[in-house]
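Encoded as structure tokens, the structure appears first; notes follow it.
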Amino acid sequence: MKILLLLSLVIFLLSAVPVSQAADYYVSPTGTVLWSSCTNIASPCSISTANANVQAGDTVYLRGGTYLISSSGIDPKNTGTEANPITFTNYNGENVIFNYTGSSISDYAVNLNSEC
């Protein structure tokens, strides 16, 4: 009886833990939509929106074009894991350019801070 009660408690606790699903997101130099809407290639968000929201296991596709960078390029707030990395990649071979012209920063276009 105690084993059944303990097993029921474990199952209940595991079912209460939210499970994050990895997803694909789209970014463009002119993207403006919310994070929840940029899972469709036709409605991309900005790179700063992606940096603020991307989670372990997610893939962010950068649409071609010139990204005018005033604070940071690719600099996700969250970290991935060895099993579930965060991936930023260009979409379908499109050319991605980071332009810092006129920016007061000069340190990086991509910030990799691995905790794996």
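A short reminder: the numbers here are calculations on the coordinates, not readings from a lab. Since this is a predicted model, take the numbers as computed values, not measurements. Here the Cβ is made from the backbone with ideal geometry for all residues, glycine too, and neighbour counts use every protein chain on show.
Could you order the peptides 33-39, 47-53 from most to least packed, using the average number of other C-beta atoms within 10 Å per residue? Present the calculation step by step, with values, prior to reporting the outcome.
Working: 33-39: 15.1, 47-53: 19.9.
With the highest mean Cβ count within 10 Å placed first, the list reads 47-53, 33-39.
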**OP:** Figure the gain on full extension for E82 and L68 (residue separation times 0.36 nm, minus the Cα-Cα span) and round it to one decimal in nm.
**Re:** 2.0 nm
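Once you have the Cα-Cα distance between I97 and I41, take 0.36 nm times their residue separation minus that, and quote the gain in nm to one decimal. Please report the intermediate quantities before stating the final value.
Details: separation 56, 0.36 × 56 = 20.16 nm, distance 1.88 nm.
Length difference between fully extended and current span is 18.3 nm.
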Original post:
What nm value, rounded to one decimal, do you get for the distance between N90 and T59 when each label is placed 7 Å out toward the C-beta?
Top reply: 1.7
Original post:
Which of T101, T66 comes first, and how do the rest follow, when ranked by fewest Cβ neighbours within 10 Å?
Top reply: T101, T66
